[in-house]
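The values are calculated or read from the model by the stated rules, or taken from the named source; none is laboratory data. All values reported here derive from a predicted model rather than from experimental measurement. When we count neighbours, we look across all protein chains shown, and the Cβ atoms used for this are built from the backbone with ideal geometry, even at glycine. Heavy atoms of the whole protein, side chains included, go into the accessibility calculation; ligands, DNA and RNA do not. Shrake-Rupley method; radii C 1.70, N 1.55, O 1.52, S 1.80 Å.
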Amino acid sequence: MPRERRPVPLTTTQRMLVYALLTELAPTNSALARQAEAALAVSNCDCGCPSVDIVTDSRGSTSTSIADVDLVAHDPTRLLYAVLSVRNGCLTELDCVSQGAEAFFSPRLADVSGWAFTTEIVDEPTNQ
Ligand SMILES: [Zn+2]
């Protein structure tokens, strides 16, 4: 169900994750960098992790040089995943996934040093 929550600025951890993913996987994409700069967040998860829907003012700054992709980072143990979704040239979501009881995605994660980064092309539209 859609929630009626007002967009708020990204937290330090959310901003760090977005910038880390863009720096690693789309370093030359200035349109996405501009979107990240002005991005706001709407919480989409109640578990306490940093997952958010991303709200961008994309007028005039959508990226046409990138397909629909998920920018993915995972920690060395593969228990934590951060996924930044790009759809129609816009940042749309930061999804933070953890392996249940084995690990919790801290909302105050400080950095992603040692993490591995991959880009996954998305072929079909998703209904998230
Ligand atoms: Zn969560």
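Remarks
- Of Val18, Val69, all but one fail to be among the β-branched types (Val, Ile, Thr), touching a strand residue (DSSP E or B) at 6+ places or on another chain (Cβ under 7 Å) and in contact (Cβ under 8 Å) with a residue 60 or more places away in the chain; the exception is Val18.
- Selection over region 26-46 of residues that are surrounded by 21 or more Cβ atoms within 10 Å (Cβ to Cβ) and in contact with a strand residue (DSSP E or B) (Cβ under 6 Å, 6 or more places away or on another chain) gives a count of 3.
- Residues being at pLDDT 95 or above and open to solvent by 20 Å² or more (accessible area, probe 1.4 Å) - total across region 81-96: 5
- Inter-residue pairs, beta-carbon under 7 Å, first within 12 Å of the ligand (Cβ to nearest atom) and in a loop (DSSP other than H, G, I, E, B) and in region 41-54, second open to solvent by 20 Å² or more (accessible area, probe 1.4 Å) and not hydroxyl-bearing (Ser, Thr, Tyr), 6+ apart: Asn44/Asp53; Gly48/Pro107; Cys49/Pro107; Pro50/Pro107; Ser51/Asn44; Ser51/Cys45; Ser51/Asp95
- Residue match in region 12-30 (condition: within 12 Å of the chain's Cα centre (by Cα), over 19 Å from Thr118 (Cα atoms), within 16 Å of the ligand (Cβ to nearest atom) and assigned to a strand (DSSP E or B)): no
- So Gly100, is it open to solvent by 50 Å² or more (accessible area, probe 1.4 Å) and modelled with pLDDT of 95 or more: no
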